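Report on one structure; see the data block that follows.
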């Protein structure tokens, strides 16, 4: 039997495991807490907790006249992009080597090569022996509407204030999307999704993101307008403000399609194994 339900406060109580992101209050995200640190501070952060000898180098480049960014930092390393109102694109790389000796770690860092031609950012480095490895974190300031293609395997992805066409994918890492807009699509396999939006509605084509193993936390301002589509295969859905939905009662624990306010561009968030929590920001 089909029912029309008005759900207030908590729609369905479920366990929300945000995996790599953790559970935080509305509007808070730590992905950009260290953004823009000095080279010394950024390297000190990388050295914490390491049992190996480490060496760290921060390199910076300004990219002029790029039409888009295509970023892949190699096997290990995350990507953070902050949108700006300027026209310049600035890229910083934190290269860290872990080895059995300081000399070995330093040689590893010196062997890492960076390619940035025409906005195609690639990283290559030496083959690592057992117990030794290198990784590169990429930090970017770019025009808000610059198209982005971001790929990493072992590392998180963070976006703040971007509004262009964005595609992203990571295998092992959480994803943070703060005050974003445009046409945003992407996925992570092992990691949580944290999404915090601003304004009264999405500006652009919409949002379409998913995780396989991880929870989803989305934060929306009061009075937000959108077409909301959320789904989980193994986990609950928790919405802490009133919505009206059509559907079978038994289905509401796994999938909800609803209009928020007067509607707007679609916001699609999905997880296979994890809970979904949608809160007021």
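Worth a mention:
- Among (1) modelled with pLDDT of 95 or more; (2) in a strand (DSSP E or B); (3) more than 23 Å from the chain's Cα centre (by Cα) - the single one residue 98 does not satisfy: (1)
- Picking from residues in region 183-199 that are free of Cβ contacts under 8 Å to residues at least 60 places away in the same chain and in contact with a strand residue (DSSP E or B) (Cβ under 6 Å, 6 or more places away or on another chain), the one that is surrounded by the most Cβ atoms within 10 Å (Cβ to Cβ) is 188.
- Counting only residues that are in a strand (DSSP E or B) and without any contact (Cβ under 8 Å) to a residue 24 or more places away in the chain, region 47-71 holds 0 of them.
- For the criterion of being surrounded by fewer than 16 Cβ atoms within 10 Å (Cβ to Cβ), under 23 Å from the mean Cα position of the chain (by Cα) and modelled with pLDDT of 95 or more, residue 203 passes.
Okay, residues lined up against (1) in contact (Cβ under 8 Å) with a residue 60 or more places away in the chain; (2) in a strand (DSSP E or B); (3) touching a helix residue (DSSP H, G or I) at 6+ places or on another chain (Cβ under 8 Å):
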site	(1), (2), (3)
204	yes, no, no
217	yes, yes, no
227	no, yes, no
230	no, yes, no
233	no, yes, no
241	yes, no, no
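- No other residue among 74, 22 is over 24 Å from residue 120 (Cα atoms) and either assigned to a loop (DSSP other than H, G, I, E, B) or at pLDDT 95 or above (or both) apart from 22.
- Check on residue 245, modelled with pLDDT under 95 and surrounded by 15 or more Cβ atoms within 10 Å (Cβ to Cβ): yes
- Across region 86-95, the number of residues qualifying as over 20 Å from residue 45 (Cα atoms) and at pLDDT 95 or above comes to 2.
- Per the conditions (1) in a strand (DSSP E or B); (2) under 13 Å from the mean Cα position of the chain (by Cα); (3) touching a residue at least 40 places away in the same chain (Cβ under 8 Å), the sole criterion not satisfied by residue 135 is (2).
- Verdict on residue 169 being within 27 Å of residue 67 (Cα to Cα) and assigned to a loop (DSSP other than H, G, I, E, B): no
- Of everything listed in (1) touching a strand residue (DSSP E or B) at 6+ places or on another chain (Cβ under 7 Å); (2) modelled with pLDDT of 75 or more; (3) surrounded by 16 or more Cβ atoms within 10 Å (Cβ to Cβ), the single unmet condition for residue 31 is (2).
- Condition met for residue 67 (in contact with a helix residue (DSSP H, G or I) (Cβ under 9 Å, 6 or more places away or on another chain) and exposed (fewer than 13 other Cβ atoms within 10 Å of the Cβ)): yes
- Test: residue in region 232-240 that is surrounded by fewer than 22 Cβ atoms within 10 Å (Cβ to Cβ), at pLDDT below 95 and farther than 17 Å from residue 279 by Cβ: yes
- The residue list 103, 142, 128 contains one member that is free of Cβ contacts under 8 Å to residues at least 24 places away in the same chain and not in a loop (DSSP other than H, G, I, E, B), which is 103.
- When each of 178, 123, 112 is tested for being without any contact (Cβ under 8 Å) to a residue 60 or more places away in the chain, touching a strand residue (DSSP E or B) at 6+ places or on another chain (Cβ under 8 Å) and either closer than 25 Å to residue 220 by Cβ or surrounded by fewer than 21 Cβ atoms within 10 Å (Cβ to Cβ) (or both), the lone residue that passes is 112.
The values are calculated or read from the model by the stated rules, or taken from the named source; none is laboratory data. It should be emphasised that the depicted structure is a prediction, and the values quoted were computed from it without experimental measurement. Reconstructed Cβ throughout: ideal geometry from the backbone, glycine too, with neighbour counts over all protein chains shown.
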